[in-house]
Amino acid sequence: MISAKRKERQQLPKAPTGITGFDEITMGGLPKGRPSLVCGAAGCGKTLFSIEFIVRGAMEFNEPGVFVAFEEKAEELAANVVSLGFDLKKLVAAKKIKLDYVHIERSEIEETGEYDLDGLFIRLGYAIDSIKAKRVVLDTIENLFSGLTNQGILRAELRRLFQWLKDKGVTAVITGEQGEGYLTRHGLEEYVSDCVILLDHRVENQISTRRLRIVKYRGSFHGTNEYPFLIDEDGISVLPVTSLVLDKQVTSKRISSGIPSLDEMLGGKGFYRGSSILLSGTAGTGKTSVAAYFANESCNRNERCIYFAFEESPEQIVRNMRSIGMDLDRHVKSGLLRFNASRPTLYGLEMHLVVIYKLIKQFKPKTVILDPITNLVTVGNMSEVKAILIRLIDFLQNEQITVMFTALTIDTGTTQSDEGVSSLVDAWLSLRDVEYNGERNRALYIMKSRGMYHSNQVREFIITDNGLKLVNVFLGPQGVLIGSAREAQELQEESNNNWRKTDLLRKDKAIERKKMLLDAKIAALNSKFESEKDDLDNSYLQQEIKNTIIENNRKRLSEKRSSTLNTKANAKKS
Amino acid sequence: MAKEENWELKLYIAGKTEKSVTALRNLRKYCEQHLKGKYQIEVIDLLKKPQLAEGDQIFAVPTLVKKIPEPIRKIIGDLSNEEKVLVGLNIIPVKK
């Protein structure tokens, strides 16, 4: 909340009150050793604030305290705070606390002449010394005004009292009833000038909200806003929900959304841890399913998750998620998942925030789901809801908790109906109904996702018995197709493919046949050629044989002739 | 008017201040005048006995406390207004 540098510079010593959240907005507590004024109308929690200051001081900070009650008797007071777990009697017995009831009964008192309040001083001084008190509460000192008539003396004495308290070095809380147009009915703020805290209890639209504001705090930084606070079994919880600076720790760790195909769209890794995710969509687009998936995934990682349901009961959600194949019940049983279902109208916006804040502080989840934030509008207007969400997101980011809001958008034809929080969140998914071809289908877009690659494409979002799926939409010649049109187109594609396949097959066969035909033709020609070649060879052979025979004959003839010639010659010679 | 009653009076003071001295002087004077012989005055100095302040619900000084006779009355101040003191002590019943 405050940087270390500033803390060092801070001079004013402070006494921590121990009141949840209060020490954070005052950066340490009330001014130490000085009186502070706590004022407000009847029933705003002044007495509780002051008693908690005393009790916590005694129990947690080892600073004994004196509680001077002008209104309630010590026993009544002790009985009243038992419900808050404060055992006053025990603390009194242990000399940690001293209760002193200053009873002023108007009817018993006469005033005559000069007097002073030394009696009170002595009493107080005695009480302080007897337990070495460091803290003092005067509740409500203005009762003196109703008991005593001499205002001149009273005012002078009060001034002296506050100075005396300062001299004593005790941290004092003085309570005062709120007056018409003034902080206190008798102008106590005139005397207590160091720190003034105003408590307020307002009822708007039949819903009550308690608020606390630091009107002034001399010599110290402090939050100046009105902070809602809650009174419950643990006492007061103030909500320092608006941090003064934006110096949150960030991590670049990524966590899965639980839907693999959605992670794919987010650069393959999912959301950043500690980021805020807005899930907006019209009715019935599956916001709760996506949120439940995210919760489920968180529990699967063995991380705690709180699911704030403003519309459905936990049983309803568990049952409904079972229908899409998700078992949330086992996470509830193992204690990883906690549902907190409440009607938005149960209490005011601020109170919702306080309750959320408290639960988160207690349960320490890693993931928080709010489903849906738009229902909160029923108890406040848009700007209030936005203010609350800013504070919630601030707080969650400080705690490194990932948060997913769902928001119902009314279909106005534009996608920019985002509850005005889109600029605050880190990632924004938009779920939409796409009406096409006589049917409604769900589509998911990532409107933004800071600091990471994310798909710019629209995906068809399908809810099946086995969970959620994101399907690539069909980009055909007719544009983006979705739902049964996409399916039809897919079928068409498929049959086209089949058709093409059989067509090819047929052509293949024809070619085959042609080849076979040609082959046969080739064979026939070959055989024809063979036979012709045979014939030719035959005729060659015959010719050769003929030639040989002729040759042989001629040879034999010539041989014969020469022999006859020889014999003739022989004969002649002889 | 008072019968055979005894006035038990306590005067709480815080040290010997001008106011407390005046108060005691005034008180003694009224008692001598109106309650001679049937009163007791106890002066309690809270500076010495601060623990006694709580019992009688003292917050201002000087305070005169009359417990007996009933009803309890507290008279705050230096008791300079005789009539108020006497009414407060039930010595004279009503204001003139």
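Rundown of residues vs (1) in contact with a strand residue (DSSP E or B) (Cβ under 7 Å, 6 or more places away or on another chain); (2) not in a strand (DSSP E or B); (3) not hydroxyl-bearing (Ser, Thr, Tyr); (4) not assigned by TED's automatic domain parsing to the domain that holds A:PHE86, yes/no style:
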| site | (1), (2), (3), (4) |
| --- | --- |
| A:ARG185 | yes, yes, yes, no |
| A:LEU198 | yes, no, yes, no |
| A:ARG210 | yes, no, yes, no |
| A:ILE214 | yes, no, yes, no |
| A:HIS222 | yes, yes, yes, no |
| A:TYR227 | yes, no, no, no |
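Looking at segment A:139-167 only, could you name the residues that are within 11 Å of chain B (Cβ to nearest Cβ) and under 30 Å from A:ASN62 (Cβ atoms)?
Just the residues of segment A:139-167 that are within 11 Å of chain B (Cβ to nearest Cβ), to begin with: A:141, A:143-144, A:147-150, A:153-154, A:157, A:161.
Result: A:ILE141, A:LEU161.
Of the residues screened, A:VAL170 is not one that is crowded, with 20+ Cβ neighbours inside 10 Å, more than 42 Å from the chain's Cα centre (by Cα), at pLDDT below 80 and more than 14 Å from chain B (Cβ to nearest Cβ). Only a single item in (1) surrounded by 14 or more Cβ atoms within 10 Å (Cβ to Cβ); (2) of a type outside the set (Asp, Glu); (3) in contact (Cβ under 8 Å) with a residue 60 or more places away in the chain is not met by A:TYR445, and it is number (3).
Summed over segment B:39-74, the residues that are touching a helix residue (DSSP H, G or I) at 6+ places or on another chain (Cβ under 6 Å) and farther than 22 Å from A:LEU161 by Cβ give a count of 3. For segment B:58-90, the set of residues classified as assigned to a loop (DSSP other than H, G, I, E, B) and surrounded by fewer than 20 Cβ atoms within 10 Å (Cβ to Cβ) consists of B:PRO69, B:GLU70, B:PRO71, B:ILE72, B:SER80, B:ASN81, B:ASN90, listed by residue number.
Just to be sure I understand, how many residues within segment A:190-202 are surrounded by fewer than 17 Cβ atoms within 10 Å (Cβ to Cβ) and modelled with pLDDT of 80 or more? Show your work before the answer.
If we filter segment A:190-202 for residues that are surrounded by fewer than 17 Cβ atoms within 10 Å (Cβ to Cβ), which is where we start, we get A:190, A:193, A:201-202.
Filter once more, keeping what is modelled with pLDDT of 80 or more: A:201-202.
Of the residues in that region, 2 qualify.
If you filter segment A:137-153 down to residues that are more than 49 Å from the chain's Cα centre (by Cα) and of a type in the set (Val, Ile, Thr), you find that the one that is surrounded by the fewest Cβ atoms within 10 Å (Cβ to Cβ) is A:THR149.
Confirm whether A:LYS46 is basic (Lys, Arg), crowded, with 23+ Cβ neighbours inside 10 Å and in contact with a strand residue (DSSP E or B) (Cβ under 9 Å, 6 or more places away or on another chain). Steps first, please.
Numbers: basic (Lys, Arg): yes; crowded, with 23+ Cβ neighbours inside 10 Å: yes; in contact with a strand residue (DSSP E or B) (Cβ under 9 Å, 6 or more places away or on another chain): yes.
Yes; evaluated as a whole, the condition is true for this residue.
Step by step: first the residues of segment A:350-395, then only those that are of a type in the set (Ser, Thr, Tyr) and not in a strand (DSSP E or B), then the one that is nearest to A:LEU424 (Cα to Cα). Which residue is that? Result: A:SER383.
Among residues of segment A:72-119 being among the basic types (Lys, Arg) and in a loop (DSSP other than H, G, I, E, B), the one that is farthest from the other protein chains (Cβ to nearest Cβ) is A:LYS96. Among the residues making up segment A:67-126, those that are surrounded by 15 or more Cβ atoms within 10 Å (Cβ to Cβ), among the basic types (Lys, Arg) and closer than 22 Å to B:LYS49 by Cβ are A:LYS98, A:ARG123.
Counting only strands (runs of 3 or more DSSP E) that sit wholly inside segment A:466-568, those with at least 1 residues that are in contact (Cβ under 8 Å) with a residue 60 or more places away in the chain are A:467-472.
Each residue in segment A:203-218 was checked for being under 33 Å from the mean Cα position of the chain (by Cα) and surrounded by 15 or more Cβ atoms within 10 Å (Cβ to Cβ), and 7 pass. When the test is whether a residue is charged (D, E, K, R) and within 12 Å of the chain's Cα centre (by Cα), B:LYS38 does not pass it.
For segment A:405-427, the set of residues classified as at pLDDT 70 or above, out of contact with any helix residue (DSSP H, G or I) (no Cβ under 6 Å at 6 or more places or on another chain) and either farther than 17 Å from A:ASP394 by Cα or of a type in the set (Ser, Thr, Tyr) (or both) consists of A:THR409, A:SER422, A:SER423, listed by residue number. Determine whether segment A:116-131 contains at least one residue that is at negative phi and touching a Ser or Thr at 6+ places or on another chain (Cβ under 7 Å). Within segment A:116-131, one or more residues are at negative phi and touching a Ser or Thr at 6+ places or on another chain (Cβ under 7 Å).
Just to be sure I understand, how many residues within segment A:55-71 are assigned to a helix (DSSP H, G or I) and out of contact with any helix residue (DSSP H, G or I) (no Cβ under 9 Å at 6 or more places or on another chain)?
First, the residues of segment A:55-71 that are assigned to a helix (DSSP H, G or I): A:55-60.
Filter once more, so that each one left must be out of contact with any helix residue (DSSP H, G or I) (no Cβ under 9 Å at 6 or more places or on another chain): A:56-57, A:60.
So the answer is 3.
Please work out if B:GLY15 is more than 20 Å from A:LEU144 (Cβ to Cβ), small (Gly, Ala, Ser), free of Cβ contacts under 8 Å to residues at least 12 places away in the same chain and more than 7 Å from every other protein chain (Cβ to nearest Cβ). So B:GLY15 fails the test.
Conditions (1) charged (D, E, K, R); (2) within 13 Å of chain A (Cβ to nearest Cβ); (3) in contact (Cβ under 8 Å) with a residue 40 or more places away in the chain, marked per residue:
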| residue | (1), (2), (3) |
| --- | --- |
| B:GLU8 | yes, no, yes |
| B:ASN26 | no, yes, yes |
| B:GLU54 | yes, yes, no |
| B:GLN57 | no, yes, no |
| B:VAL61 | no, yes, yes |
| B:ARG73 | yes, yes, no |
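The values are calculated or read from the model by the stated rules, or taken from the named source; none is laboratory data. Being a predicted model, the structure only gives us computed values, none of them experimental. Every residue, glycine as well, gets a Cβ built from its backbone with ideal geometry; the counts of neighbours run over all protein chains shown.
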